[in-house]
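This report concerns only the one structure given below.
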Amino acid sequence: MCTGRSDAKPRIARSRVIGLSECIAALSVCVTLVVSAPACAAGAVSSSSVAPGLAPESSGFRQAAERERDAETLQTLTAEGRLLLSRDHVTLPAYDYCSMAVSAAERGDFRDSVEAAARALVMAQRTDNADLAALSKRDLAIAYSYAGDLADAEKYAQEALASTPKAPEQVFAPANKVLGDVALRRGHPQDALAAYNRALETASQRYRPLVLLSITNAQIAAGDTEGARKTFDSASPPPTAELAPAYRRIEGNLLLAEGKPEDARNAFNALLKESSSNDANYDRLWAHEGIGRADLVLGDKGRAREAYLLAVDDSEKIRARFRSDEFKTGLFGDTQSVFEKAIALTVEVGDYASAWSLSERSRARALLDVVRNRVDAGVDDRQLNGDVPGLDVVRNALKPNEAIVEYHSLDKSIVVWVIRNEGLKGYTLPIARADMDAAVTDIRNAIVRRRPAAITYGDKLYALLIAPLGLRENERLIIVPHGALHYLPFQALHGPDGFLIQRHSIALEPSASVAVQLEARERQVASNLVAFGNPTIAPAYALPGAEAEVRGIAPLFARNEVFLQASATRVSFRDNAPAGRVLHVATHAEADTIDPLHSRILLAPATLPADGPDSLLAKDIYNLKLNNVSLVTLSACETGLGRIARGDEILGFTRAFFYAGASSLIVSMWPVADESSALTMRTFYSQLADGQEAIDAMRTAQLTVMQNPRFAHPFFWAPFDLMGGWRLSIAR
């Protein structure tokens, strides 16, 4: 989340600073949806996760870190709940909000769930209703747990356990189960068992089987197969048909833990044969995945690869984006883990071309998991996803001086493909995911705190990620990141001949497939600007630097229409943004850490004084018609950030604007400084107006800022990334 920009002085004002270590921890959280998740939109790192020697520079930074820690506290949620209730046209009976919270969490609409629980919490405080307060805190714990925000899930579960509900079994058992789920996902099975056993003490008969299945999973994780067998047998048979597939999966997992791979394979095959429900493809996916694991134990990698490839096919037939049963039973399945294993096994036999196709398919799959059914019915799956073209199509889209560099992070290695028009080369870099996560955290810490160590960390990452690839001098790099690499400013990597941007023009892409589709759109556009800046909300939201930025770039265009202060409203955005060929937005923005589709651009309310900003949500952008807009610049801090979906790009504004029709996008990756940001934008647009293509114009802009001694540190010149159509230019 970001609520502001900064000036060129050594402070970061009004910006939410988010711990990358928290965000990276989320990458390993197994969530099928990956719709939500962990506390992170990335930005600078909170003081609790700062590496030694990287202390915050200023009181402004410390204040921003404190705001981050307070972002989802009861106080903040209560204030949000009051605002939501004041804006509701109809106020529901208090307990109905708890029902809404549970229902939304079951659907995977985690922000809606949190907001419903926040309303219930406010009503509980107004009426001094301790029971309602307990239920609302339970619902918050469940919502954050499902979302993968383990710290907040744990906090609200503890709050719920300290409350006084009328029906303890409705609060204490779920709250203790949340604590068990959190511990298990953190890799602490003994702590999980203790919490699950406490949950069992107050669990209702209906809830008891779910707790027993969770205990079984924790015992398997702890290596107590004998205890797991006893617990599983006591929980059998499944009480409902809906739980039968979960029971079969756990049975297979238990047999594998007991050293009986043939029996496990038979159990997963039985699940395959029994898959006849509406979720048949989902159950078949995990049946094939289980068969693949059993085959690996049996030493048959060829047969295992076939099983994983069948699981990949199953995943593409799944219509649902979220399965709450995964969380209820403690299985925490993740379809991206299936793709990862398929990619690893395919690379192992040296078939890098097929592995690349799997990587592309995984990125498309993850996006559909997140967005499907979350926006209006008019949003089309096929258009949203796009086709995964053949390798020849991608190669033919490249010029001789261009290369796609695509990464896919696995548990123990990173696979890299370098695609040029003459062919593909594959590399396997022996870099564990955890090590890369830590390295990215280090360089971002150093950059945002403006430390000299940024160069040292840049040297390290250049040696790891760039040096082995044999890139050619002055080659344009079309980079497709993965995992934590989405947070990495590639332009700031530093090698023997300087920064990477000094040797190469750089653009980022969600995937090679999307890159080719975006590049096929119109490349030369009219000099027509529509810009929004410094919306009038309240004094704390003022952005005079952003307003100056907009005024500075407007004369560079033959036609321009500018909306500043009170005119920068959501209605004016909706009505006027589609008319520009270039859309420039210099406002506050917030990346939602729970639900990326609730990431928002903050605009001026229609009437003043206001009770808060009027927000344009990412999910609203999907329904805008921006077919005539070729370039969108989001000159607000951290607009490029959101939630990492494993296997896909950072989700938030990026794909929403591409879907709405934009061909190219410029986003910021940390709180930007007003003066250097204005220089970047003036130079970038001037270069475009002079006929340079976007990828080269951005390089020129970054080099221009770098050459100013005041702005030599990467903090000032490296925050902006160009995404999408890299050859876009403005007609002269």
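Quick notes on this one:
- Fewest-first ranking of Phe172, Phe322, using other Cβ atoms within 10 Å as the exposure measure: Phe172, Phe322
- Solvent-free Debye calculation, one equal scatterer per alpha-carbon of the range 119-248: log10 I(q)/I(0) at 0.20 Å⁻¹ equals -1.10.
- Label separation (Lys317 vs Ala463): 4.9 nm, computed from points 7 Å beyond Cα along the C-beta direction.
- Cα centroid of the range 411-480 to Cα centroid of the range 157-185, whole Å: 43 Å
- Dipole magnitude for the range 515-730: about 360 debye, using +1 per Lys or Arg Cβ and -1 per Asp or Glu Cβ, origin at the Cα centre.
- Note on Glu422 and Ala241: the model spin-label points, each 7 Å out from Cα along the C-beta direction, lie 6.1 nm apart.
- For the pair Asp690 and Ser103, the difference between a 0.36 nm per residue extended length and the Cα-Cα distance amounts to 205.9 nm.
- Gain on full stretching of the segment that runs from Asp411 to Arg551 - 0.36 nm per residue minus C-alpha separation: 45.6 nm
- Evaluated over the range 498-565, the Cα radius of gyration and Dmax, each in Å: 17.2, 44
- Sequentially through the range 266-272, phi angles give Karplus couplings (6.51, -1.76, 1.60; θ = phi - 60°) of 5, 5, 5, 5, 5, 4, 4 Hz, Gly and Pro residues having no value and appearing as x.
- Taking θ as phi - 60° and the Karplus parameters 6.51, -1.76 and 1.60, the scalar couplings of the range 77-92 work out to 5, 5, 4, 5, x, 4, 5, 5, 5, 5, 8, 5, 6, 10, 9, 7 Hz in sequence order, x denoting glycine and proline.
- Calculated FRET efficiency for the pair Asp128/Leu84, C-beta based, R₀ 22 Å, to 0.05: 0.60
- In the range 138-214, trypsin sites (Lys or Arg not before Pro) in a DSSP loop with at most 12 other beta-carbon atoms within 10 Å: Lys166, Arg206
- Gain upon complete extension [Ala558, Leu429; 0.36 nm per residue less C-alpha separation]: 41.6 nm
- Pairs with C-alpha atoms separated by more than 31 Å, drawn from the list Lys155/Lys341; Lys273/Lys328; Lys137/Lys273; Lys137/Lys619, are Lys155/Lys341; Lys137/Lys273.
- Ranked list, fewest to most other Cβ atoms within 10 Å of each Cβ, for Ser663, Ser204: Ser204, Ser663
- Derived scalar couplings between HN and Hα for the range 158-175 equal 5, 4, 5, 5, 8, 9, 10, x, 6, 10, x, 5, 7, 10, 5, 5, x, 5 Hz in order, rounded to whole Hz, by the Karplus curve 6.51 cos²θ - 1.76 cosθ + 1.60 (θ = phi - 60°), x for Gly and Pro.
- Mean-position separation - Cα centroids, the range 660-709 and the range 488-552, in angstrom: 6 Å
- Spin-label model distance (nm) - Arg710 vs Glu258, 7 Å beyond Cα toward Cβ: 7.2 nm
- If R0 equals 25 Å, the separation of the Cβ atoms of Lys273 and Asp351 corresponds to a calculated FRET efficiency of about 0.25.
- Ranked by how many other Cβ atoms sit within 10 Å of their own Cβ, fewest first, the residues Thr587, Thr202 fall in the order Thr202, Thr587.
None of the figures in this text is laboratory data; all of them are computed from the coordinates on show. If you're wondering where the values come from, they're calculated on a predicted model, not measured in any experiment. Positions of Cβ are generated from backbone atoms using ideal geometry, with glycine treated the same way; all protein chains shown enter the neighbour counts.
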